[in-house]
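The values are calculated or read from the model by the stated rules, or taken from the named source; none is laboratory data. These numbers were taken from a predicted model, which means no experiment stands behind them. Here the Cβ positions follow ideal geometry from the backbone for every residue, glycine too, while neighbour counts run over all protein chains shown. Keep in mind that these areas ignore ligands, DNA and RNA; they rest on the heavy atoms of the full protein, side chains included. Shrake-Rupley method; radii C 1.70, N 1.55, O 1.52, S 1.80 Å.
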Amino acid sequence: MAGVISQLKQAPADGWKFVQDRLAKIDFFDETKADLQKESPWYQLGGIYYLYWMVVIISGVILVAIYLPTTSQAFDSIISFSENKLGMILRGLHKYAGDGMIIAATLRVYRMYFNAEYKNKGEFTFVLSIILLLAAMYSGLTGYLLIWNQRAFWATKIFATFPMYLDITPKYWYWPWEGIVVENTWFLPNAIGAVTKMIGDYTHQGMTTSQILLGGSSIGQATMTRFYSLHFTISLILLVVTELYFYKNRFKRLNLRMPAILIMLGMVLITAIMIPAETGSRANPEVTPLPILSDWYFLALYQMLRYMDPYWATIWTVGIPVITIGLAFLDWGEERNMWKRPIFTMVGIAAAVEFLVFSAMIVMNKSNIETDPPFWFGHMILFMGIGQFWHWGQYQQQLPLRAWVYGCALFGVWYLFFWHVFAADWLMVWFNSFSGGALPEGWNPANLYWSMLWAAFSIGQVVLAEILIMVDSRRKTRQEMAEAGA
Ligand code: HEM
């Protein structure tokens, strides 16, 4: 007991030491890794982010002088300075340097993840790398509304109204103790529905968030003013924080050698000249352009959210960065070689594949909410299954393997059960026999086959795992007996 009390007394001091150690190792733009650039160009990514940020800020300040931030004048002001060659290049520099920041930040997050740079007190720097990525993405998102063309108007409308889903009463919602049976449903979706309805009724979190973003109940001048101020406030806050950091630590800001700087600047300038920033057509609230596509870095998320219940999709937009940060705190141990951390490596590879596949699917406007999801789940199971068996191959640890494959199988069978045993027509007929309902609306047998395949695949993993574990323990027993006999 005395031990527990002294540990509790020590906890605040340990906690503060934990924070201080990590703050001391903070790195914004790879300024503490400049010497590693000789080994690998991947360590130039922080410097590239900083360089492009500076291009965005300088071009942005000039744009502020000529851009008119009102819904009636914005589009015309952009048209007029795009007619001038220099104006067009300036816009291009601003837009593509912004894209360059997002590409550099994304690759840097992947580099830090695969190299486990969050180990050895690097967690805060990893979190910061995600914040820098989100800062660039949301700057880009607020930026392209400022054009006030059709794509910007409608993509922003979706983005700003999305949070409303948090308040929408789900189709089915009943507390289990109410004992109400509704055709085609069962207690769990109802209970989830009831919880989300209760949160929505009390907090109006969705409406409130949406109104903060829109500056009212519809998209208009207030939205533009908000997005405009948010647009450069993000950079302003970042600039103040980083300048204080550089002032305190006396680090060099831009850790790139001249050839790299010239190449990076050359690339964005040539792009700005060769591919003028899109102007598109003037925003028209009466006409909905289809498909409505956001800027490239949000495409994969858009596609993924199509497969989800809107409520959970809204939660998921926050869930992704939180889970990524969580992984950094889950990956214990000293090992930093990505080929010796198979589970985490496969999670990272799965995420990269999903980003590319989902982006391609939405650009090709290919999605089927009925048949696609099992592919998605199957792909996740496969990648993480490989990670788990690979981990087993390397470390022969039974627990991680068993924990995963049984977890997989449980979820596999649950998914099947959820979709088809409980939703199967014979059960529906039986279920409806005392509620007088018809067959479930929009029920699609196609899902059955994928779910059965996926559940069988999950169970297959269990069988394979148990065989591997059994063969291994037999091998160990024989070895021990041989050594005992020797
Ligand atoms: C991370 C930082 C930033 C990013 C990623 C970013 C990105 C963007 C993007 C993608 C656009 C739409 C460009 C277009 O297609 O026309 C835009 C517009 C604009 N940005 Fe930024 N921006 C950033 C910071 C700034 C800053 C710091 C300023 C001002 C100091 C600024 C001023 C403007 C202005 C005035 C426009 C509207 C004019 C136009 O569309 O060309 N931006 N920004």
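Computed from the Cβ-Cβ distance with R0 of 51 Å, the FRET efficiency linking I467 to T203 stands at 0.50.
Based on C-alpha pairs under 8 angstrom that are at least 6 apart in sequence, the chain has a relative contact order of 17 percent. Remark: the range 18-278 carries a charge dipole of roughly 680 debye about the Cα centre, counting +1 on each Lys and Arg Cβ and -1 on each Asp and Glu Cβ. Here the spin labels are modelled as points 7 Å beyond Cα on the Cα-Cβ line, and at V19 and F375 they lie 4.7 nm apart. Maximal additional length on extending the A2-A482 stretch stands at 168.0 nm, based on 0.36 nm per residue less the C-alpha distance. Is the C-alpha gyration tensor of the chain telling us rounded, prolate or oblate? Criteria: a/c under 1.5 is rounded; beyond that, a/b larger than b/c is prolate, otherwise oblate. Oblate. Rounded to the nearest 0.05, the FRET efficiency derived from the C-beta distance between I263 and R402 at R0 = 45 Å is 0.35. The alpha carbon centroids of the range 270-302 and the range 55-70 are separated by 19 Å.
Considering only V287, I320, M361, whose Cα is most displaced toward the positive end of the charge dipole of the range 269-370, charges sitting on Cβ of Lys, Arg (+1) and Asp, Glu (-1)? My answer, from the dipole projection, is M361. If you place +1 on the Cβ of every Lys and Arg, -1 on the Cβ of every Asp and Glu, and leave all else neutral, what size is the dipole of the chain about its Cα centre, to the nearest 20 Debye? Here the size comes out at about 1340 debye.
Here the peptides 473-481, 451-459 are ranked by packing, the mean other Cβ count within 10 Å, and the order with the highest first is 451-459, 473-481. Accessible area per residue for the chain, computed on protein heavy atoms with a 1.4 Å probe, is 53 Å². For V357 and L290, the difference between the fully extended length at 0.36 nm per residue and the C-alpha to C-alpha distance is 22.0 nm.
Computed packing ranks the peptides 156-162, 97-103, 395-401 as 97-103, 156-162, 395-401, most packed first, by mean other Cβ atoms within 10 Å. Return the subset of K9/K119; K25/K119; K95/K366; K17/K119; K119/K476 for which the Cα-Cα distance in this structure is over 23 Å, preserving the input order. Violating the 23 Å Cα-Cα cut-off are K9/K119; K95/K366; K119/K476.
Extension gain, L327 to L453, is 42.5 nm, computed as 0.36 nm per intervening residue step minus the present C-alpha separation. The simple Förster model, with R0 at 41 Å and r as the Cβ-Cβ distance, assigns W312 and L86 a FRET efficiency of 0.30. Projected onto the charge dipole of the range 18-278 (+1 at Lys/Arg Cβ, -1 at Asp/Glu Cβ, origin at the Cα centre), which of L134, V19, L214 gives the Cα projection farthest towards the positive end? The one lying farthest along the dipole's positive direction is V19.
Can you tell me the relative contact order of the range 18-278? Whole percent, Cα pairs under 8 Å, sequence separation 6 or more. That works out to 27 percent. Across the range 1-146, Cα pairs under 8 Å and at least six residues apart give a relative contact order of 28 percent. Going 7 Å from the Cα of R475 in the Cα-to-Cβ direction, what parts of the range 372-406 have a backbone nitrogen less than 19 Å from that spot? Counting backbone N atoms under 19 Å from the label point, the list is 386-402. When peptides 309-317, 140-148, 253-261 are ranked by their average number of other Cβ atoms within 10 Å per residue, the highest-first order is 140-148, 309-317, 253-261. The charge dipole of the range 18-142, taken about its Cα centre with unit charges on the Cβ of Lys, Arg, Asp and Glu (plus for the first two, minus for the last two), comes to roughly 100 debye.
In summary, the helical segments of the chain meeting the span-like criteria, namely a full DSSP H run, a Cα extent along the axis of 15 angstrom or more and a mean Kyte-Doolittle hydropathy of at least 0.5, are 45-66, 123-145, 187-203, 221-249, 258-274, 296-306, 310-330, 342-363, 398-416.
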